[in-house]
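All of the numbers you see were taken from the coordinates with simple rules; none came from a lab. What you are looking at is a predicted structure, and each value in this text was computed from that prediction instead of being measured. Using ideal geometry, Cβ is built from the backbone for each residue, glycine included, and neighbour counts are taken over all protein chains shown.
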Amino acid sequence: MNKFQILIVEDDPPIRNLIATTLKTHDYRYITASNGEEAIMQASTYNPDVMFLDLGLPDMDGVSVIKKVREWSVMPIIVISARSEDSDKIEALDAGADDYLTKPFSVEELLARLRVMQRRIALLNSDGENGSGAIYRNGNLKIDYAAGCASIGDQELKLTPIEYKLLCLLAKNTGKVLTHTYITQHIWGSAWEGNLASLRVFMATLRKKLEQYDDSVQYIQTHVGIGYRLLKVDVNHHEGNQ
Ligand code: CA
């Protein structure tokens, strides 16, 4: 039995049932809520591991639910949105959501997003056990925060200060989708349009440097029109992990 408990927040019964059945089939535990107030209540009572949250709820906007829950919890929140506008997803991500699914979505997609969150939780927990968190490891990627350098396997990466800053920001949020605005505000302190163009260039060069020694691994995932995510690489497929 999978120990993970998932809170499903969705007012549309067929979709709620689809998610519930999928989770049940894959041995996840789940609880449900059909409106925002119930969602906040369930989240605070049961402290689930992950929340699937529909943005269009009858009593309040999903973004308000995220803001409320973020006052006391870092539980991964995956937003489910029927709206095709990216602005809704961006608003939800900036409010503290970790990822998003757009309706209609497939069962496989749902499970894949859930696995990303499980890896994110595992990483957050192992950081806690290591205490200092002075060294970051993900697949063959290693960041030595004290020395201020990053490497892939034995190869040190020649990063510019901005690229290094970007990598650290992404690493700190491994598994979470970061919006363009979030990133530019953290790197440059503002989100003006010139920075967005710079961000694309820096991301492209950073990605190239990460993949120069091993292009079979994708570390940085691009979310067109939204932002970027650093993926937790499956350690089983790579050497050099300790
Ligand atoms: Ca809805």
ask   = Between Lys67 and Ile135, what is the spin-label point distance in nm, taking each point 7 Å from the Cα along the Cα→C-beta axis?
value = 4.3 nm
query = For Asn17, what is the net charge nearby, where nearby means another residue's Cβ is under 14 Å from its Cβ and Lys, Arg count +1, Asp, Glu -1?
reply = -2
query = Over the range 147-242, what relative contact order in percent results from Cα pairs under 8 Å that are six or more residues apart?
reply = 31 percent
note = About its Cα centre, the chain carries a charge dipole, from +1 on Lys and Arg Cβ atoms and -1 on Asp and Glu Cβ atoms, whose size in debye to the nearest 20 is 480 debye
query = Applying the Karplus parametrisation 6.51 cos²θ - 1.76 cosθ + 1.60 with θ = phi - 60° to the phi angles of the range 86-97, what ³J(HN,Hα) value in whole Hz is obtained for each residue in order, glycine and proline being reported as x?
reply = 5, 4, 5, 5, 4, 4, 5, 5, 5, 7, x, 5
request  = Considering Cα pairs under 8 angstrom that are at least six residues apart, work out the relative contact order of the range 67-125 and quote it in whole percent.
outcome  = 35 percent
key: Eligible aspartates and glutamates near Lys165 by straight Cα distance, threshold 15 Å, same-chain separation 8 or greater   = Asp144
message = Filter Lys103/Lys142; Lys68/Lys209; Lys67/Lys103 down to the pairs with a C-alpha to C-alpha distance above 32 Å, please.
response = Lys103/Lys142; Lys68/Lys209
note = Taking r as the C-beta separation of Val201 and Ala147 and R0 as 30 Å, the FRET efficiency to the nearest 0.05 is 0.70
ask   = Expressed as a rounded percentage, what relative contact order does the chain have, with Cα pairs under 8 Å and six or more residues apart?
value = 14 percent
ask   = For helix 107-130, what angle does its Cα long axis make with the longest principal axis of the chain, in degrees from 0 to 90 and rounded to 10?
value = 60 degrees
remark   = Note to self, the chain gives a 222 nm [θ] from helices alone (DSSP H runs n ≥ 4, -39500 (n - 2.57) apiece, / all residues, nearest 500) of -14000 deg cm²/dmol
ask   = What FRET efficiency, computed as 1/(1 + (r/R0)^6) with R0 = 45 Å and r the Cβ-Cβ distance, is obtained for Ser106 and Thr160, rounded to the nearest 0.05?
value = 0.70
